[in-house]
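What follows is calculated from the coordinates using simple rules that are stated; it is not laboratory data. These figures come from a predicted structure and were not determined experimentally. We place every Cβ from the backbone using ideal geometry, glycine too, and count neighbours over all the protein chains shown.
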Amino acid sequence: MNSQNSLSIRGLISESHISSDIYEIAEKINDSGLEFEIIEAYVDCIGNYFKDTEELLDRVLDSYYGEFTSDEDFTQEMLEQDGSIPENLPSYIFIDWQKTAYNFMFDYSCSNGHYFRN
């Protein structure tokens with residue numbers, strides 16, 4: 001879902017009308033410190049079922065993990081950060097990151113390289 005569609009769904013923009021609320025929403029987004037691309041990716045992954053912009057922004061901030069190039073890179077970073085993969089893992093131990101990511105991603109969603117907890 002692109003940003004134009006997500007805004008028109010909420011009745012803020014149509015072919016002949018721009019709601020005055022759009023400026024208030026834009027200000028809240030700017031104040032949040034989030035890039036619009038991250039918010040758009042979240043709406044693409046999770047949907048926009050929130051009563052107001054503040055709730056949406058809070059959810060994005062709570063569930064955003066960052067931008068990664070692949071599910072495998074995301075999974076490896078997350079497991080190394082939380083200590084599941086020890087720093088001194090012997091080199092003879094092989095981890096199939098593709099299969100690990102497949103299982104790990106059940107709790108996460110991704111859009112345009114941005115990762116969120118479901």
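Okay, here's what the table says:
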| item | result |
| --- | --- |
| J(HN,Hα) series, the stretch 72-79, from Karplus relation 6.51 cos²θ - 1.76 cosθ + 1.60, nearest Hz, glycine and proline x | 5, 5, 4, 4, 4, 4, 5, 6 |
| Neighbourhood net charge (14 Å Cβ-Cβ; Lys/Arg +1, Asp/Glu -1) for Ser109 | -4 |
| Rounded Å value of the spacing that divides the Cα centres of the stretch 78-118 and the stretch 26-42 | 26 |
| Formal net charge of residues neighbouring Ser63 (Cβ-Cβ distance under 11 Å; K, R +1; D, E -1) | -1 |
| Neighbour-count order for Tyr108, Tyr92, fewest beta carbons within 10 angstrom listed first | Tyr92, Tyr108 |
| Listed residues Phe106, Leu89, Thr75: farthest to the positive end of the dipole of the stretch 65-108 (Cβ charges) | Leu89 |
| Pairs of Cα atoms farther than 20 Å apart, the stretch 16-118, % | 48 |
